[in-house]
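**Student:** Below you will find the structure I want to go over with you.
The values are calculated or read from the model by the stated rules, or taken from the named source; none is laboratory data. The structure presented is a predicted model; accordingly, all values stated were derived computationally and were not measured. Because the Cβ atoms are built from the backbone with ideal geometry, glycine has one as well, and the counts that use them run over all protein chains shown. Areas reflect the complete protein model, heavy atoms only, side chains present, ligands, DNA and RNA absent. Shrake-Rupley method; radii C 1.70, N 1.55, O 1.52, S 1.80 Å.
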Amino acid sequence: TIYPEVGDFKRLFEGAFFEGKTVSFIEHNDVLFRSVPSETEVKKACAQYFEANYSVDYIEKIQKMIASFLTKGKSITFADFQDIIQDALESLKSEAPAVFHVLDFEVTTGKDKKAKASVTVQLRDAEHTASGEGVGPVDAVISALRKACSEQIDFSLSNYKVDIRDQGTD
């Protein structure tokens, strides 16, 4: 999403958001990174696979997102790298301080069991923890979030979408 702000468009344009290949012929499951790459390696991969030369800010953001992804124990495939780049480029720099941040979450579910979730969030300067149940994992997380933030934020989930890239267990 590009908001109708000249500054936002200019930042994306100057950060090379609109340059590079739109089509790459590579196997989506090919592993690109098994460990955290250097900024130089990230820049080289962006150039090699997408013919893009992104700004230092975006390269740093992409590298941090890769590092975060790797902490979950999964290697970075081409498809993962593509999604990470897209997420990094689409997220605009926030000029307002963050009011809400999910610090941690845990979800358990089973074939014939109600899904359960617990969340820890930071809301303004306070940390809140709560648990909830639901008909599925998303419903359980939303229930837990509602409890954690009930006194300060009133919200509902109007729609959501889950995309699965791989055919594997990851």
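**Student:** Within segment 46-65, take every residue that is assigned to a helix (DSSP H, G or I) and charged (D, E, K, R) and give me the one that is most open to solvent (accessible area, probe 1.4 Å).
**Tutor:** Among residues in segment 46-65 that are assigned to a helix (DSSP H, G or I) and charged (D, E, K, R), the one most open to solvent (accessible area, probe 1.4 Å) is 64.
**Student:** Given the conditions (1) of a type in the set (S, T, N, Q); (2) modelled with pLDDT of 90 or more; (3) open to solvent by less than 80 Å² (accessible area, probe 1.4 Å), and given that residue 40 satisfies all but one, which numbered condition is not satisfied?
**Tutor:** For residue 40, the exception is condition (3).
**Student:** Of the conditions (1) surrounded by 15 or more Cβ atoms within 10 Å (Cβ to Cβ); (2) modelled with pLDDT of 85 or more; (3) of a type in the set (Lys, Arg), residue 111 fails just one. Which one is it?
**Tutor:** Single failed check for residue 111: (1).
**Student:** Still on this model: Going by what's in this entry, would residue 66 be described as in contact with a Cys (Cβ under 8 Å, 6 or more places away or on another chain) and within 30 Å of residue 10 (Cβ to Cβ)?
**Tutor:** Taking the combined requirement at face value, the residue does not satisfy it.
**Student:** Would you pick out the residues in segment 66-84 that are surrounded by fewer than 16 Cβ atoms within 10 Å (Cβ to Cβ) and either part of a helix (DSSP H, G or I) or in contact with a helix residue (DSSP H, G or I) (Cβ under 6 Å, 6 or more places away or on another chain) (or both)?
**Tutor:** 67, 68
**Student:** Taking segment 129-148, which residues are over 22 Å from the mean Cα position of the chain (by Cα) and either within 19 Å of residue 159 (Cα to Cα) or not basic (Lys, Arg) (or both)?
**Tutor:** The answer is 130, 131, 132, 133, 134, 135.
**Student:** Right, next: Report yes if residue 143 is open to solvent by less than 50 Å² (accessible area, probe 1.4 Å) and part of a strand (DSSP E or B), otherwise no.
**Tutor:** no
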